[in-house]
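See below for the structure under consideration.
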Amino acid sequence: DTIYAMSDLVRMPKTVDWGKNKPVTTVSVDLSFSRGGDRCVLMRWNVGMDKDGHRVMEWADTKILQDDATDTESTRSVQICKQIAEYVKQYDVDHRYVSFDATGAGAPFGDMLVGYLSRSIYPVNFGGKASDKPVSASDRRPSHERYANRVSELYYAGVEFVRGNQFVNIQDDTKSEMAIRTYEIAAGGRILVQSKKEMKLKMGKSPDLA
């Protein structure tokens, strides 16, 4: 009943042969206070088309953002915003390719982050109903007919990308967290992924890397 099979994750390619166009650099941030997480995780990715014309995401870096408790002049949110902005500037990331978890308390944080970057940053909301987008290339049903909620849709969608070798070089600690989350069949035969609260009870920590 796990979503990601470790056998699929183990076979994940370590490198990618890019096509003629250079991949773009993206940054994604999971805020530790947005959905009951423990760590504030920033990940950098290379995203583009490989030589065979498949869209690929290649892991490049993981950074755990931490505030300085001895800094009495800046709030935790301000310190995190500054770290993100400095990182984005260091790797010359287009603000359109900076995404963050905007669920719950992540929304007001995003408003603050706009002041350090721009309105181009991309909020991702894991709450609420699943979308009307097709389930997959082979299943054209709207996602809300297959998934019980939005987080189930977003988390489960990666299975197809893993099996298609479209995720590259994801690190072992992240794979371990991905392989733990389970799902059940809810009302209407829809897929419902295990909640983060349940995962924390199971793992002893929040699956922030995954």
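The values are calculated or read from the model by the stated rules, or taken from the named source; none is laboratory data. Here the structure is a predicted model, which is why all the values come from computation and not from measurement. So basically every Cβ, Gly included, is an ideal-geometry build from the backbone, and we count neighbours across all protein chains shown. Areas reflect the complete protein model, heavy atoms only, side chains present, ligands, DNA and RNA absent. Shrake-Rupley method; radii C 1.70, N 1.55, O 1.52, S 1.80 Å.
Considering only residues that are surrounded by fewer than 18 Cβ atoms within 10 Å (Cβ to Cβ) and part of a helix (DSSP H, G or I), which ones fall in the stretch 84-96?
Ala85, Glu86, Lys89, Gln90, His95, Arg96 - these are the residues of the stretch 84-96 that are surrounded by fewer than 18 Cβ atoms within 10 Å (Cβ to Cβ) and part of a helix (DSSP H, G or I).
Evaluate the stretch 1-11: report whether one residue or more is surrounded by 14 or more Cβ atoms within 10 Å (Cβ to Cβ), over 26 Å from Gln166 (Cα atoms) and not aromatic (Phe, Trp, Tyr).
Among the residues of the stretch 1-11, not one is surrounded by 14 or more Cβ atoms within 10 Å (Cβ to Cβ), over 26 Å from Gln166 (Cα atoms) and not aromatic (Phe, Trp, Tyr), which makes the answer no.
If we keep just the residues of the stretch 30-54 that are in contact with a helix residue (DSSP H, G or I) (Cβ under 7 Å, 6 or more places away or on another chain), at pLDDT below 95 and open to solvent by less than 70 Å² (accessible area, probe 1.4 Å), which is farthest from Ile121 (Cα to Cα)?
Taking the stretch 30-54 and keeping what is in contact with a helix residue (DSSP H, G or I) (Cβ under 7 Å, 6 or more places away or on another chain), we get 31, 34-36, 40, 42.
If we keep only those that are at pLDDT below 95 too, we end up with 31, 34-36, 40.
Still in the running and open to solvent by less than 70 Å² (accessible area, probe 1.4 Å): 31, 34, 36, 40.
Details: Leu31: 15, Ser34: 17, Gly36: 22, Cys40: 17 Å.
Here the answer is Gly36.
Looking at Asp208, is it surrounded by fewer than 17 Cβ atoms within 10 Å (Cβ to Cβ) and assigned to a loop (DSSP other than H, G, I, E, B)?
Here the answer is no, as Asp208 does not meet what is asked.
Listed residues Thr103, Thr72, Thr15; which is part of a loop (DSSP other than H, G, I, E, B), open to solvent by 20 Å² or more (accessible area, probe 1.4 Å) and at pLDDT below 95?
Residue meeting the stated conditions: Thr72.
Only residues that are open to solvent by 30 Å² or more (accessible area, probe 1.4 Å), among the hydrophobic types (A, V, I, L, M, F, W, C) and without any contact (Cβ under 8 Å) to a residue 40 or more places away in the chain: list them for the stretch 125-143, please.
Answer for the stretch 125-143, where residues must be open to solvent by 30 Å² or more (accessible area, probe 1.4 Å), among the hydrophobic types (A, V, I, L, M, F, W, C) and without any contact (Cβ under 8 Å) to a residue 40 or more places away in the chain: just Ala137.
For the stretch 174-210, what are the residues that are within 26 Å of Arg44 (Cβ to Cβ) and free of Cβ contacts under 8 Å to residues at least 40 places away in the same chain? Reasoning before the result, please.
The first filter runs over the stretch 174-210 and keeps only residues within 26 Å of Arg44 (Cβ to Cβ), leaving 174-181, 193, 196, 199-200, 203, 205-210.
Ser176, Glu177, Met199, Met203, Pro207, Ala210 - these are the residues of the stretch 174-210 that are within 26 Å of Arg44 (Cβ to Cβ) and free of Cβ contacts under 8 Å to residues at least 40 places away in the same chain.
Scanning the stretch 135-159 for residues that are in a loop (DSSP other than H, G, I, E, B) and basic (Lys, Arg), which turns out nearest to Gly53 (Cα to Cα)? Lay out the reasoning, then the answer.
Step one: of the stretch 135-159, the residues in a loop (DSSP other than H, G, I, E, B) are 135-141, 146, 148-149.
Restricting the remaining residues to those that are basic (Lys, Arg) gives 140-141, 146.
Details: Arg140: 22, Arg141: 25, Arg146: 28 Å.
Step by step, filter the stretch 135-159, then rank; the result is Arg140.
Would you call Glu58 out of contact with any Phe, Trp or Tyr (no Cβ under 9 Å at 6 or more places or on another chain) and acidic (Asp, Glu)?
no
Applying the selection to the stretch 160-199, what residues are in a helix (DSSP H, G or I) and open to solvent by 70 Å² or more (accessible area, probe 1.4 Å)?
Within the stretch 160-199, Glu160, Phe161, Arg163, Asp172, Asp173, Ala187, Gly188, Lys197, Glu198 meet the criteria.
Is it the case that some residue within the stretch 157-167 is of a type in the set (A, V, I, L, M, F, W, C) and more than 17 Å from the chain's Cα centre (by Cα)?
no
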